[in-house]
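Worksheet for the structure shown next.
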Amino acid sequence: MSDVTALTPDRLELGEGSRWTGDRLVLVDIPAGRLLTAPAPDTPGRRAADALTELAKLPDPLAAVAEVAGRPGTWLAATGTGFALITGGGAVRALTAPEPVTDRPWRMNDGVADRTGRFWAGSMACDQSPRSGALYRLDPDGSVRTVLRDLTIANGPAFSPDGRTMYLSDTPLGHIDRFDVDPATGELSGRRPFARLDPDHGAPDGLTVDAEGHVWAALFGGAAVHRYRPDGVLDRRVPLPARQPTSVCLVGGTLVITSGRGGLDGPGPDDGAVLVTDAGPGVRGIPALPVRLDAI
C-alpha cells in the first residue's frame, strides 16, 4: 500500500458520499449543502493542488447524490428530509418526500443507485436517537417506499457487482448487515450479520464494493478503512491520517476516502481532507450507477 495523501487542499466539515462516475469524482459536504467534484485522481494533467469545484449549494444538508440516466448534468439528491433534483447551474427542484419514522428532527443520509436505477437512501435523527432512522427506496416511477425501520444512522448502502446483495451500515451500533435483493422488485430478504466492529476500532460509515465483490468500509473515529472478503472475513486494514473517515470509493485502482473535521477538538492537518492511496494489487473499482427517473 502506497502513502496516503490529500487529493486537494480543501478541508470539509463532513465530507461524504464519494462516488466515481467514470470521468470524475463527486462528493458532498453535508452540513454546508455543497455538491463538489474533482477530476478522477488518475486523470492525466491533474495537479495535486487542484481544488474541489462546487457544482451546487443547497439550503439544506446534502447527504448524497446520483447521476440521472440520460440527463447529463442532472443529479438526484438525498437532501433535507427528502429527495430533490439538481439541474444545470445548481437549480434545485424538490421531489416526493419519504414518510418520517420519528417525531424528532431528522434528515436524509447516505444513498446510492442500484443496477436497475432505483435509489436507496438512509435517514437519521439529528440527535442520533436510537431506532429513529430508516432506509428508503425511490423507484423509477417516482414512488418512495420505506424499506427498513428501527435503524439509528443508516449509512453506506452498497451492492454486490451482480446487484443481488446489499450491504448496509448502522453506524453507532458498529454493524454491517447483508441482504438478498430481488432484482425484479427491489424487495429485501435474508437479513444477516456481515461484520461486527469493536467500538475501539471505529464505527462503520460509508461502504463500497469492488469488482471482486470485496466490501470496503470507512471507519468513523477509527482512522482507517477495512476491506472485507465476500464471506465477511477482514482482508485488509488501511490506516489513515484522518480520524473521522466517512465514505470510500474506488477510482479504478485508487482508493478515495472522504473525512470530516466537525466535532473534533484541535483537528489535525488531514482531518476533513479527501484522501487518496493505491488500493493494492489487482483491486479495481466499479463506476457509480445512475438512477432512472422515468416519471419525473
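May I ask you to work out the translational diffusion coefficient for the range 115-195 at 25 °C, viscosity 0.890 mPa s, via Stokes-Einstein with Rh from the Kirkwood sum over Cα pairs, reported in whole µm²/s? The calculation lands on 191 µm²/s.
With a ≥ b ≥ c taken as the square roots of the eigenvalues of the C-alpha gyration tensor of the chain, please select rounded if a/c is under 1.5 and otherwise prolate if a/b is larger than b/c or oblate if it is not? Verdict is rounded for the chain. A 1.4 Å probe run over the range 53-209, with the rest of the protein chains in place, finds 40 Å² accessible per residue.
The relative contact order of the chain comes to 19 percent, based on Cα pairs under 8 Å that sit 6 or more residues apart.
Measuring nothing but protein heavy atoms, the accessible surface of the chain at 1.4 Å probe radius is 49 percent carbon and sulfur. The range 23-170 has equivalent-ellipsoid semi-axes of 26, 17, 16 Å, by the square roots of 5 times the alpha carbon gyration tensor eigenvalues, sorted largest first.
Scanning the chain for trypsin sites (Lys or Arg not before Pro) lying in DSSP loops with no more than 15 further Cβ atoms inside 10 Å, the longest uninterrupted stretch between such sites is 165-283. How much net charge surrounds ILE153 when only other residues with a Cβ under 10 Å from its Cβ are counted (Lys, Arg +1; Asp, Glu -1)? Net charge around ILE153: -3.
The values are calculated or read from the model by the stated rules, or taken from the named source; none is laboratory data. Since we're looking at a predicted model, the values are computed, not measured. Ideal geometry is used to build each Cβ from the backbone, glycine not excepted, and the neighbour counts take in all protein chains shown. Heavy atoms of the whole protein, side chains included, go into the accessibility calculation; ligands, DNA and RNA do not. Shrake-Rupley method; radii C 1.70, N 1.55, O 1.52, S 1.80 Å.
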